[in-house]
Amino acid sequence: MAPRCWRWWHWSAWPRTWPPPARSTPSFRQHFSTQEKTPQICVVGSGPAGFYTAQYLLKHHPQAHVDIYEKQLVPFGLVRFGVAPDHPEVKNVINTFTQTAHSDRCAFWGNVEVGRDVTVPELQEAYHAVVLSYGAEDHQALDIPGEELPGVFSARSFVGWYNGLPENQELAPDLSCDTAVILGQGNVALDVARILLTPPEHLEKTDITKAALGVLRQSQVKTVWLVGRRGPLQVAFTIKELREMIQLPGTRPILDPEEFLGLQDRIKEIPRPRKRLTELLLQTATQKPRAEEAAHLASGSRAWGLRFFRSPQQVLPSPDGRRVAGIRLAVTRLEGVGEAIRAVPTGDMEDLPCGLVLSSIGYKSRPIDPSVPFDLKLGVIPNMEGRVVDVPGLYCSGWVKTGPTGVIGTTMNDSFLTGQMLLQDLKSGLLASGPRPGSAAIQALLSSRGVRPVSFSDWEKLDAKEVAQGQGSGKPREKLVDRQEMLRLLGR
């Protein structure tokens, strides 16, 4: 749906105490106070980047008011919809975000899609500063023949499916096959492999959705291959996730010792985090397990393996053409050194039979509004330390600023930096002067368009319902996954 025209909101509709922003020169700005008494700031996106940005602004400016806009009915972004259900400790940051949302200088406005329900220019008119923190909502397409076949999914959609993201609830993955292939060797790829292979009884007490747990109980998947274009030294997952896979009950790793030849001599040159990861890979691939470990591995009915130096070329159809039956891989070799290293095809091909293909080759941000600069190739908003290039008063944080890299801690530091830049600009008098109406103006606009936002107290009602539903089965919560049901529970 195209963004609604913002001519519906005209300056004449508002009191004269709220003038339009001065299109002023720097010398003109110097006549204004360098410190706004009550800066009105809005953040678009309520994931980690959005909440950490809000937290920083509220902490370091005692009068700042921050409104957080979110297109989902519920807050917390990838903490709720991306973190694996068997990693509950990672979700503890929700407690910190909740404290931020409870500040009397912070407001959450869910069920508002910026770019559709309200435009970025409309936000810019209502606020002294706008921070775009809406993350990376798309996945990188494979762009190979057969990608559209049933049985081929993005890992992002699959994660959204088992984590209760409403738009992914119709995914209905068919897990009746013996073998699954995950294209990618990052933490998301390992998360997906782990969920596919974890005994369902080990997931019963997590917040995985009821529907997903039911499908996983019927799963026939016994082997999962994680395929990467490059080699063991270039894997993108971390040692914690690798160790979890190695220790996964009822499973055994399949690593080809020949793919690790020569690595022992190169390990001493590798930086420490990568060194420890590579040593664990090498040990798993080459060392003979002790008797106790051997018995454990032999009892495993499921297996996972890493396939290196392979690049997907085509998804192969079943004889009737109705679903995936395998994937054709080009054998690669590495050329170059350091950051310039790349995988190039050798000319050899191999086919890997499978009934499920999950693409996990990266996330990508979308342009949010025609008025906002966007680098389509990199999938980010062009910026300098969070300041959007050539658009004063507009900022960005998180993956839409940096690309999809790092963990929650990385996002926290990045968001704090954006907040710091914004407050520097405010103090220096670089942002528009005079009072701004903030959410009052935007709520009037939304009301005129039939959009009914959801507040944080509304979310807490849904939260209480989820927790109550989970108690009966010993789960921390049973997630609500239907938007209409959620709205009905809120009396909408």
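Side notes on the structure shown:
- Peptides 332-344, 149-161, 459-471 ordered by packing proxy, namely the average of other Cβ atoms within 10 Å per residue, highest first: 149-161, 459-471, 332-344.
- Candidate aspartates and glutamates - alpha carbon under 20 Å from residue 377, same-chain residues fewer than 8 apart omitted: 137, 138, 143, 339, 369, 385, 390
- Computed from the C-beta positions of residue 60 and residue 98, the FRET efficiency with R₀ = 22 Å rounds to 0.65.
- Listed by chain and number, the lysines whose alpha-carbon sits under 29 Å from that of residue 59, ignoring those within fewer than 8 places in the same chain, are 37, 71, 91, 401, 427, 461.
- Computed E for residue 344/residue 116 - FRET, C-beta separation, R0 41 angstrom, nearest 0.05: 0.45
- Eligible aspartates and glutamates near residue 475 by straight Cα distance, threshold 15 Å, same-chain separation 8 or greater: 86, 89, 201, 204, 207, 463, 466
- Given R0 = 25 Å, the distance between the Cβ atoms of residue 236 and residue 258 translates into a calculated FRET efficiency of 0.70.
- Subtracting the Cα-Cα distance of residue 276 and residue 205 from 0.36 nm times their residue separation leaves 22.4 nm of extension gain.
- Each residue, residue 247 and residue 375, gets one label point 7 Å from its Cα in the Cβ direction; the gap between the two is 3.9 nm.
- Heavy-atom accessible area order for 127, 56, largest first, 1.4 Å probe: 56, 127
- With semi-axes defined as the square roots of five times the eigenvalues of the C-alpha gyration tensor, the equivalent ellipsoid of segment 49-131 measures 24, 18, 9 Å, largest first.
- Dimensions of segment 377-492 from C-alpha coordinates, computed as largest minus smallest value along each principal axis and given longest first, are 54, 39, 30 Å.
- Toward the positive end of the charge dipole of segment 336-392, with +1 on the Cβ of Lys and Arg and -1 on the Cβ of Asp and Glu, the farthest Cα among 338, 378, 368 is that of 368.
- Residue ranges 243-251, 432-440 sort as 432-440, 243-251 when ordered by packing (mean number of other C-beta atoms within 10 Å per residue, highest first).
- Packing, as the average of other Cβ atoms within 10 Å across residues, places the peptides 210-219, 386-395 in the order 386-395, 210-219, highest first.
- Added length on full extension, which subtracts the Cα-Cα distance from 0.36 nm per residue, residue 468 to residue 267: 67.3 nm
- Computed helical MRE - 222 nm, the chain, DSSP H runs ≥ 4 contributing -39500 (n - 2.57), nearest 500: -9500 deg cm²/dmol
- The chain: C-alpha gyration tensor shape, a/c 1.5 cut-off, then a/b vs b/c: prolate
- Counted residue by residue at 0.36 nm each, then reduced by the alpha carbon distance between them, the extension gain from residue 484 to residue 322 reaches 55.1 nm.
- Karplus 3J(HN,Hα) series, Hz, for segment 448-461 with 6.51 cos²θ - 1.76 cosθ + 1.60 (x for Gly, Pro): 5, 9, x, 9, 10, x, 10, 8, 5, 5, 4, 4, 5, 5
- Take the Cα radius of gyration of segment 384-430 and divide it by 2.2 N^0.38 Å, N being the number of residues; the result is 1.15.
The values are calculated or read from the model by the stated rules, or taken from the named source; none is laboratory data. Keep in mind the model is a prediction, meaning the values are calculated, not measured. FYI the Cβ positions are ideal-geometry reconstructions off the backbone, even for glycines, and counts take in every protein chain you see. We work out accessible area using only protein heavy atoms, side chains counted, and drop any ligands, DNA or RNA first. Shrake-Rupley method; radii C 1.70, N 1.55, O 1.52, S 1.80 Å.
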